[in-house]
Each structure stands twice: as structure tokens, then as C-alpha cells.
Ligand code: MV4
């Protein structure tokens, strides 16, 4: 095994990789920006090195600085986590050039999947079912002809896009021309590549993805699916394994397709094949994510495998230690992404100091956190503070466990999306697994449950009144109040725009 690796990331995913290193006897090297000097991943690693200012392009995206730390520390390999440099094939190539193993897929596989049109061509040739549409960039007349042939609605997508960026829905023939021009100029601006293509629009699909894992000796397996339909603005909010709509037969077929997709791309290490699933449960390849994903823990819990251990072993050149027929799924796992954001204020990021932190634990609860009490969540990066994962023998028990864990969870000093999860987990459609990609928007568009309907709000109000009366010196809440700068949200937003921060 490697003796020492560098983790080119921060927050909960850096901590997650450091834990795997500790378990495998691998020394870990953290890197940190100026605002992350006191971050959790820095104190958990065996060594830590500063790599520059808060702005990601000067630190966590600074390839030269990161490679310099790898050289100085004697690291043999680099784990990129997710986001930042994880899907940057130039970084993977630069690692190889510097004699470092990139813990991820080969650069050509990253490049193939990075181009949605190239990926569609390759997948079509491999016999993978695609959403009907074109497999190459189109001119406006070609798009008009194809849309007329397929019928509306259609989607215009940027070849260099993905994850919902650079998409445009077109419902009627009259909208196509202006939408095409906008899509092209947006793609050019965002990706420096104006190429766009067309797909038939699938109404209210489910988003279901298959985890794959391949070694460098030609062995590839799938590790079941994750149901990721509960999302808002292309940001996943809750993920589960298994999906309630995938039965054994469908899992086998999707798994075989995912393995075929990965094989034809020359893929190794951990990856995810995303599918859209329509109301008839027909599935279509959407894109492949060439990284370890945020939601990998739900797969770990139902398979009993440690995906980060396996990533390191594969990168070191080991063979997969099991075959497809050895992979068995047990129980049900659900993950909530806990963000420092304000559900009352359009989910604007809510960075600041965590003044109090009570974390859930107990049977079937896993919390992958990147924060601690007293830490100030910086406004410079994605505001994911932790992932709460519940595991139980079946879905109903896993949801009950998650509700219990959410009740144990308290984060003071900053706003979080914790209240949203309580609403989702009580919603009859979620409980019945009637969740397509429109579920959360519908829930948010409906009025929130009347205050006090459960009696808890009344209890809280009485408690607060008693507490305020008993603590006259306090400011009414009894807790120190963080005064958010008036422009906190807009500062974060403009910084995000500058840095091109995107969530995973
Ligand atoms: C689609 C689609 C419907 N039809 N493509 C959004 C993210 C990006 N990866 C692709 N996305 C979609 N592509 C066709 N032809 C609907 C979506 C979509 C979606 C996909 C996955 C998860 C959530 C979504 C939310 C809205 C739209």
C-alpha cells in the first residue's frame, strides 16, 4: 500500500479520506487555504501545508502549489475528493507527469465523459440506451429538423455542460430559435465551447445512478443504485439506496449497462453512471461522473464495502478483492446533506460561527462531518457542513431512524437546512417513495405545515418564555447571537460566481 498520500480537498470529504488512510496505515497530507487553517481536516491529517489564499483558484485549484506540497511531503499519490480538481483531466495528467498516482480514473476516460456529445457517441456504439436525441453538436437548422422529427418538448444541452448547467427546455417550435441562440452563448461563456445538442425531454424523471468500481486488471463491478430524485436546482438533498422502483431484474439490467458504459470508456477506480428513469421505468444513460461522489456512504452501508479503501487499493494496483456475484445488498440507507443555508431565505448560504453543536449518534447512524463546535464556516466554499446517514433493515425503519437522528441534531449560531428534512421525511409522497425530480419543488411551492400543528412549537414557545424570564441578562434567546453581515449572502454569491464554485 502507499505509505503516504495527499488529499487535495477540504471539509467532510477530506476528513472521510483521512479516516480511510488511518485505517489502512497510510500517512495523510492535508492542504489548506488561509481561511481553513483551523479546519477539521487540517487537525485530523498527519501533516498539513498551506497552499494559498481563500479563493479556490489560488489554493484548492492551484495545481502547481498542490504538486509542490506533494513533492515536499513525499506523498506518493493524490486523492482529489469531489469538486475542485477531481474531474480535471489536466490535473490527473500533471500528477502522472510529477510521478504521483492520481487516485481516480485515467485521464482519457475523464475527458471522454466530460464531453457529453463524445460520451453519447461512445455509449451509442457500446449499445447503452440513450435519451433519444443527437450524439453530436448541431447547427440551428439541424436542431429544428431533429426537433420536428422527435416532437416537442426537447432539451438543448451544452456539450461541455453536465449536472444541469447549460440546459434549456423548449416546449414549442416557436421557442427553439431564441432558446438555441441563448444556449449557445451561455455555453460559450460558461465553458468556452458553444457546442450544443438536442435531447427529447423526459417529463418528471427519476434520477437513479449506479456505482461502479473497476481495477486496473480489467475487472469491473456495479454496486447497486442510488435514488437521487430529491433535489433542488440540480443539487441533491436526499439520497437513498436501494431505490424503491428498482427491483432485482431492473438492477441487473442497469448494472450491466453501467459496467458496459464504464468498460467502453476504459474506466477504472470508482465512478457513477447516471440514468434518467421515466414513469414506465425505462432508463436512459445521462452522464458519467468520474469521481467519488458525495452520496457514496449510502452505497457503503448497503454493500458493506469501504469505497475509499477500495479506491486506494485499486490505485496501488491491486485486483478487486471480490467478484460481481459476491456483492450483496442488505438493508436500506438514507442520507441528508446538511448545509449552512437559510431555508427561510431562499436557501442562501449562511456561513458563520458554529456556537453549539449537538450531533446525532446511536444505532444505525453515521455522520460524515467537516466541522466542529467553535469553527467558523467560511463563505468561500460550498456550505455543506455534514452528511447524516441512517441505516436500518428496511426503508421504513431507516426513515424512522433518520427522523430520530434529526431530532438529536442541533447546530447553533448558523442557519441550516435541518428543518427542511423534517418536512420531507414526514411528507406522504416521500414516505410512499413517490419521488421524481419535481418532488422537492412541489413541496416547497406548497404552504409549510401550520405552525404548532404538532404541538412542538407551542412547547418551544413556552420553554423560550421561561428561559428568557430566568435569564434576564441574555438577549432573549439565551444564546449569543451571531450578527450576519448585511451583505453576507451577496458576498458569498459574488465570490461563488468569481470562483465558479459549484456543488457536487
Ligand atoms: C434531462 C431531463 C429531462 N429530459 N434531460 C438535469 C441535470 C443534468 N444532469 C441533466 N438534467 C436533466 N436532463 C432530458 N432529456 C431532466 C433533467 C433534470 C434532472 C435530472 C436529474 C436530476 C434532477 C433533475 C432535475 C431537473 C431536470
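When the stretch 120-130 is filtered for residues that are closer than 18 Å to residue 256 by Cβ and either in contact with a helix residue (DSSP H, G or I) (Cβ under 8 Å, 6 or more places away or on another chain) or crowded, with 18+ Cβ neighbours inside 10 Å (or both), the ones remaining, listed by number, are 122, 123, 125, 126, 127, 128, 129, 130.
For residue 277, the conditions (1) away from the ligand (no atom under 16 Å from the Cβ); (2) buried (at least 21 other Cβ atoms within 10 Å of the Cβ); (3) closer than 24 Å to residue 133 by Cβ all hold with the exception of (1).
Here residue 38 passes the criteria (1) outside any helix (DSSP H, G or I); (2) within 23 Å of residue 317 (Cβ to Cβ) except the one numbered (2). If the condition is being more than 9 Å from the ligand (Cβ to nearest atom), in a loop (DSSP other than H, G, I, E, B) and closer than 27 Å to residue 235 by Cα, then the stretch 138-165 contributes only 152.
Those strands (runs of 3 or more DSSP E) of the stretch 166-271 in which at least 1 residues are at positive phi, considering only elements entirely within it, cover 220-232. Scanning the stretch 176-192 for residues that are over 21 Å from residue 232 (Cβ atoms) and either within 14 Å of the ligand (Cβ to nearest atom) or surrounded by 16 or more Cβ atoms within 10 Å (Cβ to Cβ) (or both) returns 176, 179, 180, 183, 184, 187, 188, 191. Taken over the stretch 120-137, the criterion of being in a loop (DSSP other than H, G, I, E, B) and on the phi < 0 side of the Ramachandran plot is satisfied by 126, 128, 129, 131, 132, 134, 135, 136, 137.
When the residues of the stretch 110-119 are filtered to those that are touching a helix residue (DSSP H, G or I) at 6+ places or on another chain (Cβ under 8 Å) and touching a residue at least 60 places away in the same chain (Cβ under 8 Å), the one that is farthest from residue 83 (Cα to Cα) is 119.
Taken together, the residues in the stretch 61-90 that are assigned to a helix (DSSP H, G or I) and under 17 Å from residue 50 (Cα atoms) amount to 11.
Within the stretch 335-342, identify whether any single residue is in contact with a helix residue (DSSP H, G or I) (Cβ under 6 Å, 6 or more places away or on another chain) and outside any helix (DSSP H, G or I), and answer yes or no. Scanning the stretch 335-342, I find at least one residue that is in contact with a helix residue (DSSP H, G or I) (Cβ under 6 Å, 6 or more places away or on another chain) and outside any helix (DSSP H, G or I), so the answer is yes. Inspect the stretch 384-401 for any residue being modelled with pLDDT of 95 or more, touching a helix residue (DSSP H, G or I) at 6+ places or on another chain (Cβ under 7 Å) and part of a helix (DSSP H, G or I) and give the result as yes or no. For the stretch 384-401, residues modelled with pLDDT of 95 or more, touching a helix residue (DSSP H, G or I) at 6+ places or on another chain (Cβ under 7 Å) and part of a helix (DSSP H, G or I): present. Only one of the listed residues (81, 90, 99, 137) is over 22 Å from the mean Cα position of the chain (by Cα) and either touching a residue at least 12 places away in the same chain (Cβ under 8 Å) or over 22 Å from residue 313 (Cα atoms) (or both). That residue is 137.
When residue 440 is tested against (1) modelled with pLDDT of 95 or more; (2) exposed (fewer than 12 other Cβ atoms within 10 Å of the Cβ); (3) in contact with a helix residue (DSSP H, G or I) (Cβ under 9 Å, 6 or more places away or on another chain), just one condition goes unmet, and that condition is (2). Kindly evaluate residue 195 against the criterion of being away from the ligand (no atom under 13 Å from the Cβ), under 28 Å from the mean Cα position of the chain (by Cα) and surrounded by 19 or more Cβ atoms within 10 Å (Cβ to Cβ). It is true that residue 195 is away from the ligand (no atom under 13 Å from the Cβ), under 28 Å from the mean Cα position of the chain (by Cα) and surrounded by 19 or more Cβ atoms within 10 Å (Cβ to Cβ). If the condition is being more than 28 Å from residue 227 (Cα to Cα) and out of contact with any strand residue (DSSP E or B) (no Cβ under 7 Å at 6 or more places or on another chain), then the stretch 316-360 contributes 316, 317, 318, 319.
The values are calculated or read from the model by the stated rules, or taken from the named source; none is laboratory data. Just so it is clear, the structure is predicted and the values come from calculations on it, not from any experiment. Virtual Cβ from ideal backbone geometry, glycine too; neighbours counted across all protein chains shown.
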